[in-house]
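To start, the structure under review is shown below, and the notes come after it.
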Amino acid sequence: MTTTAFITHRDCWLHDMGSMHPECADRLSAINDRLIAAGLDMYISFYDAPVAEREQILRVHPAEYLDDLVGNVPEHGIRHLDPDTAMSPGTMKAALRSAGAGVFATDLIMKGEIENAFCAVRPPGHHAERAKAMGFCFMNNVAIAARHALEAHGLERVAVVDFDVHHGNGTEDIFRNDPRVMMAGIFQHPFYPYSGTDNPPAHMCNVPLPAGTRGDAFRQVFSDVVVPALRSHNPQMIFISAGFDAHYEDDMGSLGLVEADYVWATEQIKGVAADCGHTRIVSILEGGYSLSSLARSVVAHIKALADL
Ligand SMILES: [Zn+2]
């Protein structure tokens, strides 16, 4: 049986963008509840996420940007950085654990303690550019983990697979000039943040899907385009920007995936890792806002990671 880690931290509940905001702490509670109800807690290893260290964050974000984020944390109430993205007193505590989770997962896998990991963290990260918070994101968790694999563990090639309904503009911005990182994104288009289709560099594999796309068409293009692109890069570790807002029940987007599609995509990614001679996969939560479909999809994804 595969050893799968589940990494989270109570501090990830502290970030609060207001009572009506869809990116809320109830998302993590729904995942935890479903995990226990499914009996999965017997079969996976639980870890608390450490805080990311400053030097780990600075591999991705400039120091001035990080200092500005810390300086913008309000003493009370909520401070908006843009109409979608706001800070509360607990935001940086949560963000540091979110970034730390992916780094920690990378370390556990490289030490051989686990085969793969899912990080149930918030705030999400894939819209955060080098020096810009946007789209509910402050620090790019998956990019910080990927750079850690390259710089701290000496890997030469890694990949980021992003199946969130939104294009991961931040991850693309960060790795635009770093061909060690292949980014494969499959997302609704045209749709927020309206990026991902203009002249992507050769190591970016972007697959825009029209609104209304269902699982059969998603699987076809994933098989035909994403899997061969990943294989050709021969990544030594694969990161997943695991957003579940492309689910049929999630009103944030207009794609029609269901749990079985997430299981299938997870198995494809595991297959690529096996073809590349390893089992190293770090999956980090991005979007997913319908609490029921989010929790069901995450549990299905973890079951696939863990061969359960
Ligand atoms: Zn999203």
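Key figures
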{"item": "DSSP beta bridges in the chain [antiparallel fraction, %, rounded to 5]", "result": "10 percent"}
{"item": "Gain in span if fully extended, residue 2 to residue 251, counting 0.36 nm per residue against the direct Cα distance", "result": "86.3 nm"}
{"item": "Rg and Dmax of the range 261-308, Cα atoms only, in Å", "result": "11.5, 36"}
{"item": "For peptides 60-73, 183-196, 22-35, sequence by mean Cβ density within 10 Å, most packed first", "result": "183-196, 22-35, 60-73"}
{"item": "Partners for residue 270 among lysines (Cα-Cα distance below 30 Å; same-chain residues under 8 apart left out)", "result": "111, 303"}
{"item": "Surface per residue (accessible, 1.4 Å probe) for the range 69-222, Å²", "result": "35 Å²"}
{"item": "Cα-based radius of gyration of the range 50-160 once divided by 2.2 N^0.38 Å, which approximates compact folds", "result": "1.07"}
{"item": "Cleavage-rule hits (trypsin sites (Lys or Arg not before Pro)) in the range 102-196: DSSP loop, at most 10 neighbouring Cβ within 10 angstrom", "result": "111"}
{"item": "Distant-in-sequence amide H partners of residue 211 (H built 1.01 Å from N, under 5 Å)", "result": "189"}
{"item": "Over the range 1-69, volume per residue of the alpha carbon convex hull, in Å³", "result": "132 Å³"}
{"item": "Full-stretch length increase - residue 274, residue 42 - with 0.36 nm per residue and alpha-carbon distance subtracted", "result": "81.0 nm"}
{"item": "Neighbourhood net charge (12 Å Cβ-Cβ; Lys/Arg +1, Asp/Glu -1) for residue 95", "result": "+2"}
{"item": "Normalised contact order of the range 151-248, rounded percent, pairs of Cα under 8 Å and 6 or more residues apart", "result": "40 percent"}
{"item": "The chain: Rg to Rh, with Rh as the Kirkwood radius over Cα pairs", "result": "0.92"}
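The values are calculated or read from the model by the stated rules, or taken from the named source; none is laboratory data. Keep in mind that this is a model prediction, so the values were computed, not measured. Please note: Cβ atoms are built from the backbone with ideal geometry, for glycine as well, and neighbour counts cover all protein chains shown. Protein only, heavy atoms only, side chains kept; ligands, DNA and RNA dropped before computing areas. Shrake-Rupley method; radii C 1.70, N 1.55, O 1.52, S 1.80 Å.
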